[in-house]
Every structure is written in C-alpha cells, then in structure tokens.
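I have placed the structure first, in the form of structure tokens, so that the comments after it can refer back to it.
The values are calculated or read from the model by the stated rules, or taken from the named source; none is laboratory data. Computed from a predicted structure; not experimentally measured. Cβ coordinates were reconstructed from backbone atoms using ideal geometry, including for glycine residues, and neighbour counts include every protein chain displayed.
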C-alpha cells in the first residue's frame, strides 16, 4: 500500500468534524477507510506502539527515582526525629512518606522485570488486527481495493475538496459532482441506524473480544534461585560431607595418630506428585470461542508454579517440597524489637547481623528474599553510620540493593509479626536443590464422565526439593517481646 501522510489524514478528519453538523452526517467513516487504504498500517502501528529500549527506560527512570529517594530519606529522617523527640510521628509526615513510597514502588517493575520487545511487537500486532477487523466490516463498496489501487486516494481527495467548498459557499452552491460525493458519504453513514435494532442494529452486533480478563496471580520465583536437576528415576541421591578431620602438629620424631572425623552421607531428594483435575463439558469444548485445552493447560502450569513457590518457603517436606523456613538446620537471627525487623531506633541491626552471620563464600552470591510489605519496611532502615541500607541501582545500570546485595520479591514470605520469619538471605543455588521427574503431563479422559457429558482433564507433575546445605541460608525472626 502507498504511504498517505498522517498530517493529511488528521487535517481531513478535523474538517469533517467541523462540518458534520452542517452536513448532518458522519463522513469520518469513508475518510478513515480511504486514509487507511493509502498508508502502511503495520508500519505505523509498530513505530508508534514500540516501547523504548531498556537503556532508554533506565535512563528516563534515573532522575525521578533518585529525586524520590532523596525526598524519601529527608522525610523519613524527619519521622525518626519526631519519634525520638515526641514518641510519635506527625501524621502529615507519615502521609507524605507513604506517597513517596508509592512513587518508589512504581519502579520495582523496572527493577524486577522489564517489558520485552516481544511484548511490544505483540501489542502492535493486536492493534493492527483490530483495524483489520474494523475495515472488514465495512460494506463491499468501501472495502479495500473496491476502487482500484489509487481509487481511494481519489475518493478521499474529492471528499475533502467538497467539504472545504461546502464550508466556503454552502452545500446548495456546490457542483453536482461535489454534491454527489458528499451525498454518497452521507448515505454510507445514514444507511444503517445501529441505535435501532429493526433499522439495522441487528446487523451491527456487539464485538466479542477473544481475550479473557485475568487478575495477576502472584507467585514466588523459586526456580530462579534454586538449583534444578532432572532425573529419570523416582529420586536422586547426592553425596554430602557430614564431618571433617582436624589437622594436628607433631615434633620431629613424634608419633602420628589418625585424624578422625571425616565422614560422608547421602542427601536423597524425592519427586512427589502434584496434580490438577478439571471437568469440561463436551459442548463447552465444541462451542467455545477459545481453545479450552490450551487455556486450562496454561492455568495448570501457573498453579503448579504457585504451589512450588509456596512450598519452597514453608513446605513440610512430607509428600511435598521442604521449605527454607521449616528446615531445622537453617540458622536464624532475631530482630532488635518486638514484631518488626527494626530495632527501636529504626536501624537495621538485625538484618546486618543476619547478613554477616553467613559465611563469606556464600555471601558473595547471596540474595535477600521478602514480600512487598516487608520491602517497604526495609527502605526505612539505616546502618550504624546513619546510611540507608536500601539503595537504588538504576543510576549505575544495576538492580536495586539492600546493603549491596540484590533482593527478590517473594509473595509467600510472611509479613512482619511476632515470631515470624519475614526475611531470608543466602546463596540459594548452593543451599537448595529442586528435582524434576515429570515436567507436566496431561491426561484427556473422555470416559470417566461420559454419562455426564463431560471430559476430564488430569494434569500431573512430579517435582521435589529440599535444603541440601543449610549453612548457605539464614533467616530473620521477629522478636516476640
């Protein structure tokens, strides 16, 4: 298709809007079609819908994020000073701090996950498809190609010229050709009255959008942190050192005795089964506008991931994965004040004690995990030198950090509360292993529910996981008093 300048389209549409009251018609319909017939729709959509590159997004976020963080520090310092002086913070200060936190939270999406170019292309394609559908619904005489390769350009130009002339001298003073152009477009707009069913409303049905509106399903990204192993057996066994010997000294001719203590064991990981069972009627499968098999397959995969994340945090280890907060070998530190992660002065002594309680070799690759609510509390904490431990890293092209280490949002981690464990820290890839036996299997059973006119879909998966090196992980416990 030949290019048609956007300026001409916009200008013609504006004129149409101005004169529509005089012409008693809605000539936009024909013009839009004419315009669309003379420029590359896909090219324009992709150019306008494509989001900025990641580097541009980061660059754009630097100034507002850093400004918000500076204001956050200033306001939180005021809140802490009020607490120290009066024992209570000014409500105005608390409200202001909450608004700033909302601004900072807006950039967590950029920090956790950036929209990809594939998603942008998909959005452009969907927009293009909608325009294609719109054009396909026009009458045959207004369909693309109805007037030849250059026909619609001529129609659009003639119509625009007639509109200008009508505005200048009046419709009655137009030539017969110009009046015919206007009447043809007016007839197109008036031919069908979609507001009255019998006058044409039945012929203009409501558009059915083949897209299901879904709320966001929150899940903890356990697989992004743990080590994943695949197996063709019912379980795997990993040798593990359970004891070490100690070196000794002796003099030049002194005797040497055995240095005992070196011992090994086996860490076994089983792959218990999880499942999902859904019954769908035959008529639903036959008549629905959606591919229901694909839809429920996607739902099953999502829910399996949700359960994995929950078990990674608090699974019992009996017939399911073992949670990091359940394993008795995972060390813990207690926060400095009751029911919160901070001490009485708003400092992060508990978190810093937790961090430096981990061996250096594990700390090099360590990550914090916590839920969104706890993340907001961490932003307010300071170290012993009165520096905030949460720092935005976008300005340096890095993820945001907590005392220099990255963090991951885990919705399944508990919130602050007496006796809870809202934060964990460690090298989870060394400390936790997951094993996959069956990724996901779908069984289509047309027999069991045949008398009820339904087909049963059974999804199953065999996956397990446990803490294999407890010393690589530590957790923070909120004090009870």
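For the stretch 440-476, a tally of residues being within 30 Å of residue 348 (Cα to Cα), in contact with a helix residue (DSSP H, G or I) (Cβ under 9 Å, 6 or more places away or on another chain) and assigned to a strand (DSSP E or B) returns 5.
Out of the residues in the stretch 79-92 that are in a helix (DSSP H, G or I) and under 12 Å from residue 380 (Cβ atoms), which is farthest from the chain's Cα centre (by Cα)? Only one residue fits best here, namely 83.
Restricted to the stretch 443-468, and to residues there that are exposed (fewer than 14 other Cβ atoms within 10 Å of the Cβ) and in contact with a strand residue (DSSP E or B) (Cβ under 7 Å, 6 or more places away or on another chain), the residue that is farthest from residue 310 (Cα to Cα) is 453. Among the residues of the stretch 224-240, at least one is under 20 Å from the mean Cα position of the chain (by Cα) and either surrounded by 13 or more Cβ atoms within 10 Å (Cβ to Cβ) or in contact (Cβ under 8 Å) with a residue 12 or more places away in the chain (or both). From the list 436, 412, the lone residue that is in a loop (DSSP other than H, G, I, E, B), surrounded by 14 or more Cβ atoms within 10 Å (Cβ to Cβ) and at pLDDT 90 or above is 412. Restricting 216, 181 to residues that are in the same structural domain as residue 438 (by TED's automatic domain parsing), modelled with pLDDT under 90, out of contact with any strand residue (DSSP E or B) (no Cβ under 6 Å at 6 or more places or on another chain) and more than 22 Å from residue 470 (Cα to Cα) narrows the list to 216. Here are some conditions: (1) modelled with pLDDT of 90 or more; (2) in a loop (DSSP other than H, G, I, E, B). Residue 368 meets all but one. Which one does it not meet? Looking at each condition in turn, residue 368 falls short on (2). Looking only at the stretch 304-318, residues that are in contact with a strand residue (DSSP E or B) (Cβ under 9 Å, 6 or more places away or on another chain) and either part of a loop (DSSP other than H, G, I, E, B) or in contact (Cβ under 8 Å) with a residue 60 or more places away in the chain (or both) come to 7 in all. Criterion applied to 326, 334 was being surrounded by 15 or more Cβ atoms within 10 Å (Cβ to Cβ) and closer than 30 Å to residue 358 by Cα, and the one residue passing it is 326.
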